[in-house]
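Shown next, in structure tokens, is the structure this report addresses.
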Amino acid sequence: MPLLPANPSDSTTPEWLARLNPPQREAVLTAEGPVLMLAGAGTGKTAALTARLAWLVGSRRAWPSEILCVTFTNKAAREMRERVGELIGPAVEGMPWLGTFHAVAAKMLRRHAELVGLQSNYTIIDTDDQLRLLKQLIVAEGLDEKRWPARQLAGLIDRWKNRGLNPDDLDAAENEAYANGRGQQFYRLYQERLKTLNACDFGDLPLHMLNILRQHREVLELYRQRFKYIMVDEYQDTNQVQYLWLRLLAQERKNICVVGDDDQSIYSWRGAEVANILRFEKDFPGAKVIRLEQNYRSTPQILAAASGLIGANSERLGKTLWTEQGGGERVRVIGVWDGPEEARRIGEEIERLEHEGASLNGVAILVRAQFQTRELEDRFIQIGLAYKIIGGFRFYERAEIRDALAYLRVIAQPADDLAFERIYNTPKRGLGDKTLEKLHRYARSRGIPLMRAALDICDTDELPARARGTLLALMRDFARWRDQVAALSPAELARTVLDESGYTAMLQAERSVEAAGRLENLSELARAMEDYETLGDFLEHVSLVMDNEAASDTEKVTIMTMHAAKGLEFNQVFLPGWEEGVFPSQRALDEGGLASLEEERRLAYVAITRARRRCTILHAANRRIYGQWTSSIPSRFIAEIPPDHVAAETTLAGGASLWRAQWSERDDPFAHVANVQPGRADGRGPGWQRAAAGTYDPAPRRIAEPSRSAASFAARPRADLGTGVRVFHEKFGYGTIAAQEGNKLEIDFETAGRKRVIDSFVKPAE
């Protein structure tokens, strides 16, 4: 491409630069010194960022290899490379330092691996390998992995690495976070083991490079000289370790340009710190702050609503979005009676839009938590509305839901071998592949299901005593649960099974955000089952839902979480569940206080600004939370939207102003809300009743012996075997049959003594 002048005039300005608005163009041409490009939602920050990169190369301010440009996702890096390539041509191929934080750090580390005790051909292990390694360390140190799960330790180590902490940097509080004061010990053991394996995990990549830059001045100077310009996308999402090594690299030249939006910092649970962008001017005195405020996405009404809402946050740099578009509808706020009515209302609205000619591909439903999708999915299945789940599985496809359904399927149908295989060792019971192989071999030889094979084998010495006892206990559990089918409702049965099987305890022990979300999903599963009289009816419903996947080329409504929607845009956006405790999330408020509340408000801002033409917020007066009906008040975020930009509707008594009145007394916003349990929305259920908040707590139940009557299979003896016949067994060797009862044999083995075995596991000795 031709050389671009350093200070272009109108006659020399390339077309792609001339298309930018004044603030964007200023951000591109301010090459020297620190620059904070504060880019609001939909303001064209990617166009400005790629134009700046193209300008630096095209004006010969730097060779492509002298620019460090980091992004957060491989997709973003690919898109940036493609867009820069369209502007400057083949020169983009000479940009080796354009990539994600982890990719750039990995490339650096390959060159200096020996400085942290690694070789240049080190391996980067994935999450599964990390968990396996941690389990080995936990067992070797004599800890109970069920009480102190490897997944919990992995989460802590990841958090420490995101904060730039090595084992020696942990304080007493961090050390106490695992195994009663052994966090530091296990972190150190894990790092030592990784070095022995010449490996590192993803968290090590930036941490190792930070340690190298801090401890080896010559390496730091090498990269300071190499990188004439540093550019960072989505700076509000940087964690502490990323922030620290970026600051080290940029301190000498100070030619660093960061692009981000403090109002869209929503990933603190992944280690992101909004403080990094808030203190940029302090880190780099004299930094130029350029605000991109012209929005190219949304209507004025949507922008005004979002801006008014986010204005309630105190920790922000401040900006005001505006657009040249005219008109537009106010943000609609709709109050409904309960969750099912919310799903019905959304379905009706979308059907109306489709009838008016709107494309379903331009419609999105953004939820705060994944469990909210279940009622929407069930409703859409009923009315035949095509949908897709983005950033996750459909509700009944999620692993924890499939596990729970597998337990229920085995209870309903003991011959369901596929379901039994899925959960016979979930949670971990010490039943490995060898046990399953024996079950399969015997089941095939007799033509019986795995559960019947398990009962038969438990009467023999085929399995080690511990495995035999564990398997028999599981069979007794299933027999007990099966006996309770008639006495318990499907929902009560599900809760009982999940608790008594140890599945709930397994997730609780993980103590992670992901595990908490899985527990919410299981609670929603039990709530869904309350609408069905029998377990069979519910399982049939699930089968129909799972079989209703529409063709891939069909237009579909998009359902996703607010977090997953960041960076996307849709013509029509529905935002259900805007109630206190759902959004803002009660868990976030309980764990993070004011800081978490402000992040929840930023998430609300992100959700609203995904909408191009119409945004609809819904809240329900009643919702099932953890299986209990609770009366809800509208989210405080609704009251914070400027009323001039809201069109309120409600099917509730009290009119459209109800939600504002409920938040008029901010000192005690919950004082007027009775803790009541409503009946069914259709009026056929019981009246309002007092209900204590909380989760289902099953009472102790008697453990019943397995019942063999209903699922009994004939066990006929083999004709080629009988008393006195010499046989061979793969485990016990040679022996002679001493007694026979059906297909059970008592054999005097030459080395193992007398054992009770099943005839299909032996053959006559030659």
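The values are calculated or read from the model by the stated rules, or taken from the named source; none is laboratory data. Predicted model, so just to flag it, every value in this text is computed and none were measured. Using ideal geometry, Cβ is built from the backbone for each residue, glycine included, and neighbour counts are taken over all protein chains shown. Just so you know, the surface numbers come from the protein's heavy atoms only, side chains and all, with ligands and any DNA or RNA stripped out. Shrake-Rupley method; radii C 1.70, N 1.55, O 1.52, S 1.80 Å.
Brief remarks on what is shown
- Inside segment 359-390, residues that are at pLDDT below 95, touching a strand residue (DSSP E or B) at 6+ places or on another chain (Cβ under 8 Å) and over 16 Å from R623 (Cβ atoms) make up a count of 8.
- Given (1) buried (at least 21 other Cβ atoms within 10 Å of the Cβ); (2) hydrophobic (A, V, I, L, M, F, W, C); (3) at pLDDT below 95; (4) part of a helix (DSSP H, G or I), index of the condition V545 fails: (1)
- Count of residues meeting criterion [without any contact (Cβ under 8 Å) to a residue 40 or more places away in the chain and outside any helix (DSSP H, G or I)] in segment 477-531: 4
- Test: A287 is among the hydrophobic types (A, V, I, L, M, F, W, C) and either surrounded by fewer than 17 Cβ atoms within 10 Å (Cβ to Cβ) or free of Cβ contacts under 8 Å to residues at least 24 places away in the same chain (or both): no
- Failed condition for G326, given (1) outside any loop (DSSP other than H, G, I, E, B); (2) in contact with a helix residue (DSSP H, G or I) (Cβ under 8 Å, 6 or more places away or on another chain): (1)
- Tally, over segment 739-754, of residues that are touching a Lys or Arg at 6+ places or on another chain (Cβ under 7 Å) and more than 17 Å from I457 (Cβ to Cβ): 2
Per-residue answers, yes or no, for (1) modelled with pLDDT of 95 or more; (2) of a type in the set (D, E, K, R); (3) within 19 Å of T100 (Cβ to Cβ):
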{"site": "Q136", "(1), (2), (3)": "no, no, no"}
{"site": "D144", "(1), (2), (3)": "no, yes, no"}
{"site": "A150", "(1), (2), (3)": "no, no, no"}
{"site": "G155", "(1), (2), (3)": "no, no, no"}
{"site": "P167", "(1), (2), (3)": "yes, no, no"}
{"site": "Q215", "(1), (2), (3)": "yes, no, no"}
{"site": "L220", "(1), (2), (3)": "yes, no, no"}
{"site": "V232", "(1), (2), (3)": "yes, no, yes"}
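- Of the residues making up segment 268-282, those that are surrounded by fewer than 19 Cβ atoms within 10 Å (Cβ to Cβ) and either assigned to a strand (DSSP E or B) or not small (G, A, S) (or both) are W269, R270, L278, R279, E281, K282.
- Unique residue being open to solvent by less than 10 Å² (accessible area, probe 1.4 Å), part of a loop (DSSP other than H, G, I, E, B), hydrophobic (A, V, I, L, M, F, W, C) and out of contact with any Leu (no Cβ under 6 Å at 6 or more places or on another chain) when the list is L463, L474: L463
- Breaking point among (1) at pLDDT 90 or above; (2) in a loop (DSSP other than H, G, I, E, B); (3) open to solvent by 50 Å² or more (accessible area, probe 1.4 Å), for E26: (2)
- Residue pairs whose Cβ atoms lie under 9 Å apart, separated by 6 or more positions or on different chains, with the first residue in segment 160-171 and farther than 13 Å from V241 by Cα and the second hydroxyl-bearing (S, T, Y) and crowded, with 18+ Cβ neighbours inside 10 Å, are P167/Y187; P167/Y190; L170/Y187.
- Exactly one residue out of V363, V333 is crowded, with 23+ Cβ neighbours inside 10 Å, more than 24 Å from the chain's Cα centre (by Cα) and either closer than 20 Å to R613 by Cα or of a type in the set (S, T, Y) (or both): that is V333.
- Test set (1) within 23 Å of the chain's Cα centre (by Cα); (2) under 30 Å from D233 (Cα atoms) - E520 fails condition number: (2)
- Taken across segment 101-108, residues that are open to solvent by less than 70 Å² (accessible area, probe 1.4 Å), under 28 Å from M231 (Cα atoms), aromatic (F, W, Y) and touching a Leu at 6+ places or on another chain (Cβ under 7 Å) do not occur at all.
- Selection status of G683, modelled with pLDDT under 90 and under 30 Å from L493 (Cα atoms): yes
- Here the condition is being part of a loop (DSSP other than H, G, I, E, B) and crowded, with 17+ Cβ neighbours inside 10 Å; of R297, R345, R374, R379, it holds for R297 alone.
- Selection within segment 501-538 - open to solvent by 60 Å² or more (accessible area, probe 1.4 Å) and over 22 Å from R374 (Cβ atoms): R511
- Top-ranked residue in segment 576-616 [being of a type in the set (G, A, S) and in a strand (DSSP E or B); ranked as surrounded by the fewest Cβ atoms within 10 Å (Cβ to Cβ)]: G581
- Qualifying residue in segment 549-557 (condition: out of contact with any helix residue (DSSP H, G or I) (no Cβ under 6 Å at 6 or more places or on another chain), farther than 30 Å from R482 by Cα, aliphatic (A, V, I, L, M) and at pLDDT 95 or above): no
- Of the helices (runs of 4 or more DSSP H) lying entirely inside segment 176-255, those containing at least 2 residues that are open to solvent by 60 Å² or more (accessible area, probe 1.4 Å) span 183-196, 204-215, 217-226.
- R429 vs. criteria modelled with pLDDT of 90 or more, outside any loop (DSSP other than H, G, I, E, B) and open to solvent by 10 Å² or more (accessible area, probe 1.4 Å): no
- Test: residue in segment 391-410 that is outside any loop (DSSP other than H, G, I, E, B), closer than 24 Å to E351 by Cα and either modelled with pLDDT of 90 or more or not aromatic (F, W, Y) (or both): no
- Filter result for E555 (over 26 Å from the mean Cα position of the chain (by Cα) and open to solvent by 50 Å² or more (accessible area, probe 1.4 Å)): no
- Filtered residues of segment 65-98 (kept if open to solvent by less than 20 Å² (accessible area, probe 1.4 Å) and on the phi > 0 side of the Ramachandran plot): none
- Out of R368, R402, sole residue that is in contact with a Pro (Cβ under 9 Å, 6 or more places away or on another chain) and open to solvent by 30 Å² or more (accessible area, probe 1.4 Å): R368
- L450 fulfils the conditions (1) in contact with an Asp or Glu (Cβ under 9 Å, 6 or more places away or on another chain); (2) open to solvent by 10 Å² or more (accessible area, probe 1.4 Å) except for a single criterion, (2).
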